[in-house]
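Notes to accompany the following structure.
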Amino acid sequence: MAESQNIEWKESWRDEYLKWICGFANAQGGKIYIGTRDDGTVIGVRNSKKAVGGYSQ
């Protein structure tokens, strides 16, 4: 599966990706895969709870 107008691979989270999400919502939808290199290699995400707004249990 390659990147396309509906699929984006990102190595880490950045708040600027909220613009991508809005763009997908205003178009035909899409997916952003966080923790994936441009070649499709999954590298994971450090501190994933912090990356999604500091959620803690």
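Selection over the range 9-18 of residues that are modelled with pLDDT of 85 or more and of a type in the set (Asp, Glu) gives a count of 2.
This table checks each residue for (1) at pLDDT below 85; (2) small (Gly, Ala, Ser); (3) surrounded by 11 or more Cβ atoms within 10 Å (Cβ to Cβ).
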| residue | (1), (2), (3) |
| --- | --- |
| TRP20 | yes, no, yes |
| TYR33 | no, no, yes |
| ASP38 | no, no, yes |
| VAL42 | no, no, no |
| TYR55 | yes, no, no |
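Among the residues of the range 1-28, those identified as out of contact with any helix residue (DSSP H, G or I) (no Cβ under 9 Å at 6 or more places or on another chain) and among the polar types (S, T, N, Q) are SER4, GLN5, ASN26, GLN28.
The values are calculated or read from the model by the stated rules, or taken from the named source; none is laboratory data. Every value quoted in this text rests on a predicted model; they were computed, and no experiment measured them. When we count neighbours, we look across all protein chains shown, and the Cβ atoms used for this are built from the backbone with ideal geometry, even at glycine.
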